[in-house]
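One structure is given here, and the rest of the page talks about it.
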Amino acid sequence: MRMAQLRYFVTIAQLENMSQAAELLHLSQPSLSKSLSTLEEELGMPLFQRNGRSLTLNPAGARLLEFSTMTLRELDYAMHDMRLLSTGAETRIRIGAAGLSDGLTECLAAFRQLSPEAEFELTGGIEPTEWLDINDYDMLIYPAGRKYEKYTGYPLYEERYQLAVASRHPLAAKPSLRPKALEGQDVVFLRGGHAAEEYPFQICSALALHFHSVSFSDTREFHRQMIADGLCVGFVPASCAAFYRGSGEVRLIPIQDKRFSRQMMVCFRREKALSPYVRRFRDFVLDYFSVDTGEKH
């Protein structure tokens with residue numbers, strides 16, 4: 001099996017028409033048909049249901065399409081990286097963040113103005129990850145706390161939490177609320193791993209708030225859905241607000257207590273592991289946010 005065969009197969013599967021696929025690929029139709037027949041012979045099974053000129057993927061074809069799309073995407077990604085390395089122009093910056101705040105995206109946009117060639121690989125949901133490896137990223141933005149104490153970072157900004165409730169929830173009509181209003185509520189917290197509950201869990205425990213029930217979720221998707229369905233209320237940091245508010249099923253309410261905020265930190269890979277380009281990006285970020293590099297944690 002050759003990569004060209006997979007590319008041809010994916011094009012045929014997307015267009016469901018042999019002549020259109022041949023035209024797009026700049027191949028003769030007999031040549032493309034032969035390539036598909038060879039692929040099916042190698043696999044020992046047909047990949048399409050044929051009805052005149054139209055082609056429809058059968059279950060085996062659908063499975064191969066999923067595999068082929070993933071394989072070709074990874075190959076293209078690797079080839080792009082190799083081209084960057086061969087020219088000495090490594091311009092991709094890998095960023096992991098506990099939510100993607102407006103401040104971060106504005107910073108990236110400002111850097112792009114100075115370096116139009118910059119490419120960003122963003123992972124915006126690192127909190128549920130139990131074992132986070134700094135070597136997978138050039139820069140990490142994370143909340144201060146025991147879970148991340150192995151990293152050496154700098155204070156970046158403080159981020160407030162809001163209470164997320166279903167739009168039909170009795171609390172949804174309130175313009176803001178005090179923590180005492182949470183007494184007797186069903187609450188869901190995010191938790192990464194077995195003992196890494198999100199920061200509001202600690203605050204609620206310190207305030208001795210008594211809930212009707214406490215649930216946990218390991219992903220923001222489940223967390224948001226449980227809230228949207230009215231099963232629970234939950235806490236949402238500002239950097240993740242758009243994900244909850246976008247559905248229209250969730251309302252976010254300010255909490256009248258400054259303790260419901262978290263200190264966000266920024267750290268970078270070790271100096272010797274950073275390319276010159278990423279070092280320039282690091283210096284830009286520290287200057288953009290006016291980070292005090294003398295205050296390490």
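Only one entry of Leu122, Leu100 meets the criterion of being among the aliphatic types (A, V, I, L, M), open to solvent by 20 Å² or more (accessible area, probe 1.4 Å), within 21 Å of Tyr277 (Cα to Cα) and in contact with a strand residue (DSSP E or B) (Cβ under 8 Å, 6 or more places away or on another chain), and that entry is Leu122.
Exactly one residue among Ser68, Ser37 is at pLDDT 90 or above, surrounded by 11 or more Cβ atoms within 10 Å (Cβ to Cβ) and at negative phi, and that residue is Ser37.
Looking only at residues in the range 126-163 that are farther than 26 Å from Gln256 by Cα, of a type in the set (A, V, I, L, M, F, W, C) and modelled with pLDDT of 90 or more, the one that is surrounded by the most Cβ atoms within 10 Å (Cβ to Cβ) is Leu140.
Do we find that Ala22 is within 25 Å of Leu75 (Cα to Cα), surrounded by 14 or more Cβ atoms within 10 Å (Cβ to Cβ), of a type in the set (Gly, Ala, Ser) and touching a strand residue (DSSP E or B) at 6+ places or on another chain (Cβ under 6 Å) in this structure? Here the answer is no, as Ala22 does not meet what is asked.
Evaluate the following for Asp133: is it under 16 Å from the mean Cα position of the chain (by Cα) and without any contact (Cβ under 8 Å) to a residue 12 or more places away in the chain? Yes: the conditions hold for Asp133.
Filtered by the rule that a residue be in contact with a Phe, Trp or Tyr (Cβ under 9 Å, 6 or more places away or on another chain) and either touching a residue at least 60 places away in the same chain (Cβ under 8 Å) or under 21 Å from Leu274 (Cα atoms) (or both), the range 103-116 gives Gly103, Cys107, Leu108, Ala110, Phe111, Arg112, Leu114, Ser115.
The values are calculated or read from the model by the stated rules, or taken from the named source; none is laboratory data. Note that this is a predicted model, so its numbers are computed, not measured. Backbone-built Cβ (ideal geometry, glycine too); neighbour counts: all protein chains shown. When the accessible area is computed, the model is the full protein with side chains, heavy atoms only, and any ligands, DNA or RNA have been set aside. Shrake-Rupley method; radii C 1.70, N 1.55, O 1.52, S 1.80 Å.
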